[in-house]
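The values are calculated or read from the model by the stated rules, or taken from the named source; none is laboratory data. Values in this document were obtained by computation on a predicted structure and should not be read as measured data. With ideal geometry, Cβ positions are generated from the backbone for all residues, glycine too; neighbour counts draw on all protein chains shown. Each accessible area value is taken on the protein alone, full model and side chains, heavy atoms only, with ligands, DNA and RNA left out. Shrake-Rupley method; radii C 1.70, N 1.55, O 1.52, S 1.80 Å.
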Amino acid sequence: MTHEFDPGYSQAPFSGLVGDYPGPKVYPPGDFRVEWGPVFHRGRLDGTARVLVLGQDPAQHETIARRILVGEAGHRIQGFLATLGLDRSYVMINTFLYSVFGQGGGSKHRHDKKIATHRNRWLEALLSFGRIDAVVALGSLADSAWEDWKKTQPVGSLPNYVKITHPTQPESAGGSSAAHAASIKRMLQNWNAALSLLHPLPHRDKSRPLKLYGDAFLGGDKVAIPEFDLPPGIPEWIRLDDGWADRPGTGLMKRRTITVTVPRPYVPQRPRVGLFQAAAPAS
């Protein structure tokens, strides 16, 4: 069987961007999990991307897969892109290269110029192809990253831009099941407004009629991560399922530990052969 895969960063300028990235001197270890390394992108780096997605930071799933937005947020945003007719022609980068540690780490570095320097090099490289039709920011931190980058640019035409609610904001907000359902509904209303602004894109992989979300995610609204977005040899379950990675415990143990559990359907079940019930010998 032939498998498609992401060819990586062999071509300039991206080879330089992944070869020369900021470390703990720029990303304070008190606010970022620098010990797990940076995670750079997901999607096309060959100039064929038509939409640029700007996310927040990599979580445990992304740390293992080495590509951003592959967990629950990734499956949700993959469905958003599919609604716009994009199955392949997109690229994603994050506001932060490293996972945020603690509640206030991200907000504290919202306008950090040292962090922005490397991020802006990515934005300039991706936009230099002149083919991006729209930029989609996921949440307020990504919105700030885009607005800060714009201030460094000469006045001129820029791609269409929308800020949408981050795909896992309802989970981050917590609360009761009713509060969660209400948060999902508000988020999808926000997404519908953005879809109505962007659809139809001038360039897309497939022409699809605009289908807006309901009050909750339905079957088909969340889409699997394509094989061609991931490095070669990544197991199928990593892109098809969510929930296989977790940070257990608290404090330092939680920071140091990611547990990976292969979903049960992907593990062959050994047949139970040779079982018998022993009986005491007759007297």
Legend entry - Test: residue in the stretch 178-190 that is under 24 Å from Phe40 (Cα atoms) and within 20 Å of the chain's Cα centre (by Cα): no
Legend entry - Options Arg76, Arg67, Arg88: the member that is open to solvent by 20 Å² or more (accessible area, probe 1.4 Å) and closer than 27 Å to Leu218 by Cβ: Arg88
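Okay, residues lined up against (1) over 30 Å from Ala49 (Cβ atoms); (2) at pLDDT 95 or above; (3) open to solvent by less than 90 Å² (accessible area, probe 1.4 Å):
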{"position": "Leu198", "(1), (2), (3)": "no, yes, yes"}
{"position": "Asp229", "(1), (2), (3)": "no, yes, yes"}
{"position": "Thr259", "(1), (2), (3)": "yes, yes, yes"}
{"position": "Pro281", "(1), (2), (3)": "yes, no, no"}
Legend entry - Long-range neighbours under 9 Å by Cβ, at least six apart or interchain, first residue over 14 Å from His118 (Cβ atoms) within the stretch 1-28, second modelled with pLDDT under 95 and of a type in the set (Gly, Ala, Ser): Pro28/Gly105
Inset, instruction - Please find, within the stretch 11-50, the residue that is most open to solvent (accessible area, probe 1.4 Å) out of those that are among the β-branched types (Val, Ile, Thr) and closer than 19 Å to Glu227 by Cα. - result: Thr48
Legend entry - Residue match in the stretch 183-190 (condition: out of contact with any Asp or Glu (no Cβ under 6 Å at 6 or more places or on another chain) and not in a helix (DSSP H, G or I)): no
Legend entry - Scan of the stretch 1-10 for residues that are closer than 19 Å to Ile225 by Cβ and not acidic (Asp, Glu), ordered by number: Met1, Thr2, His3, Phe5, Pro7, Gly8, Tyr9
